[in-house]
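Chemist: Here it is, the structure in full.
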Amino acid sequence: MTLSEVREKIDKIDPQIRELLMQRMDCSLQVVEAKLAAGETTIFRADREADILKRLGETVPADRRAEYLSVVRKVMEASRMYQYGLMYDRLEDPFASLSRGLVIPEKVSRVRVRLTRDDRPNAMSAILSMIGDYGYDMERMELVSENKETKKVTFELQMIGDLNESHMKKLMFQLSKESEDFQILGCE
């Protein structure tokens, strides 16, 4: 096949992928509705995602497995982002508990947070990816502690963005739900 022919083939496949992704996002909406009806607000389950990745990766040829699983992981991350955004919009002021005791100036350019996560492959890169997916930049990341017994790591992050924006609040909500000991340390 010529390069033109291959590109034409790709151009025909991409709309099919889009359609399947839209169907998956429709399912994400249904997940949120079911969870909220059950009084649940947790979307992220690392054990479930690990099982899904293992199951899906088993039938993919080894020379493509890492790349395939990377795409699946990204689809799951985007799905969680969508679900947490929907949930945030339907809950009564979920940001209030996250910002309790915090003085937020009218204009904010930086936000500092501390969070603890399981020390496993892709744990922190998923956080960095999440911040970027919300459209914000990370300015600084510092490892605060590492507990080898519990396999937990604690980081402090400084992001460039305005904590008054609803999109940033949704990011804080998702970070709080996908981390332990999440705290907004301050903003400037």
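Chemist: Under 8 Å for C-alpha pairs, at least 6 residues apart: give me the relative contact order for the stretch 99-154, rounded to a whole percent.
Modeler: 38
Chemist: Do you know the Lys pair count in the stretch 96-187 for C-alpha distances under 29 Å, with sequence separation 8 or more or different chains?
Modeler: Counting lysine pairs in the stretch 96-187 gives 11.
Chemist: Specify the residue with the greatest mean-square fluctuation among 113, 71, 153, computed from a Gaussian network of the chain linking alpha-carbon atoms under 10 Å apart.
Modeler: 71
Chemist: Let me ask another. Is the shape of the stretch 3-90 best called rounded, prolate or oblate, per the rule: a/c under 1.5 gives rounded, else a/b larger than b/c gives prolate, else oblate, with a ≥ b ≥ c the square roots of the Cα gyration tensor eigenvalues?
Modeler: Here the stretch 3-90 falls in the oblate category.
Chemist: Gaussian network model of the chain, Cα springs within a sub-10 Å range: biggest mean-square fluctuation belongs to which of 139, 178, 92?
Modeler: Ranking 139, 178, 92 by mean-square fluctuation puts 92 first.
Chemist: Continuing with this model, one more query. Amide H of residue 152: which non-local residues (sequence gap of 5 or more, or other chain) have their own amide H closer than 5 Å, using H built in the peptide plane?
Modeler: Residues meeting the criterion, in which the H sits 1.01 Å from N, are 119, 147.
Chemist: Given a cut-off of under 8 Å on Cα pairs at least six residues apart, what relative contact order in percent is computed for the stretch 83-188?
Modeler: It comes to 43 percent, rounded to a whole number.
Chemist: Please list, by residue number, every one of the trypsin sites (Lys or Arg not before Pro) in the stretch 23-121 that is coil in DSSP and has at most 10 other beta-carbon atoms within 10 Å.
Modeler: Values: sites: 24, 35, 45, 48, 54, 55, 64, 65, 73, 74, 80, 90, 100, 107, 110, 112, 114, 117; in loops: 45, 100, 107.
Sites meeting the loop and neighbour criteria: 100, 107.
Chemist: While we're on this one: Between 30, 83, 174, where does the largest GNM mean-square fluctuation fall for the chain, given springs only between Cα atoms within less than 10 Å?
Modeler: Result: 30 has the largest fluctuation of those listed.
Chemist: Please report Rg (one decimal) and Dmax (integer) in Å for the Cα set of the chain.
Modeler: Gyration radius and largest Cα-Cα distance of the chain: 18.8, 63 Å.
Each value in this text was obtained by applying a stated rule to the coordinates, not by laboratory testing. As the structure is a prediction and not an experimental result, all values here were calculated from the model. Backbone-built Cβ (ideal geometry, glycine too); neighbour counts: all protein chains shown.
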